[in-house]
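First the structure, in the form of C-alpha cells, and then the observations on it.
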Amino acid sequence: MLSTGVQAQTLVATSNILVRALDRSLDFTSDTTTSVRDMKVVLAARDDAASFVASQGDIRGARLEAAFATLREQLPEARHASDQQLAEAILAL
C-alpha cells in the first residue's frame with residue numbers, strides 16, 4: 001500500500017514538472033516554428049498515450065515514440081522520467 005502511494009506522488013510530481021516545463025517553453029519560444037511543431041508532436045500523441053497507459057505499455061504508437069523523443073530532447077526534467085510517467089503526463093496536458 002505504501003509503494004502505491006509513493007508511485008502516485010511520483011506520478012503527480014512528474015506530471016506537474018512536465019506541465020510547468022511545457023508551459024515555460026511555450027512562453028519563451030512560442031514565436032519559433034520548432035517549438036510549435038514540437039508541441040504539435042506532443043499533443044498529437046494523446047491517443048497513443050491513452051493506448052499505452054491502458055495497455056500498461058504494450059501498445060506503443062509512432063506518435064507517442066516521437067513525443068517521448070521530443071520531450072526528452074527539449075526538457076531536461078523529462079530525461080529521467082519513465083515512458084509510463086511521460087505518457088501519463090501527456091494525457092494530463
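Of the numbered criteria (1) over 9 Å from the mean Cα position of the chain (by Cα); (2) surrounded by 15 or more Cβ atoms within 10 Å (Cβ to Cβ), the one residue 88 fails is (1). The set of residues in the range 76-87 that are outside any loop (DSSP other than H, G, I, E, B) and at pLDDT 90 or above comprises 83, 84, 85, 86, 87. Each residue in the range 73-83 was checked for being surrounded by fewer than 16 Cβ atoms within 10 Å (Cβ to Cβ) and not acidic (Asp, Glu), and 4 of them qualify. In the range 28-75, the qualifying residues are those that are acidic (Asp, Glu) and at pLDDT below 95, and the one that is farthest from the chain's Cα centre (by Cα) is 31.
The values are calculated or read from the model by the stated rules, or taken from the named source; none is laboratory data. None of the values given here were measured: they were computed from a predicted structure. Cβ sites come from the backbone with ideal geometry, for glycine too, and all protein chains shown count toward neighbours.
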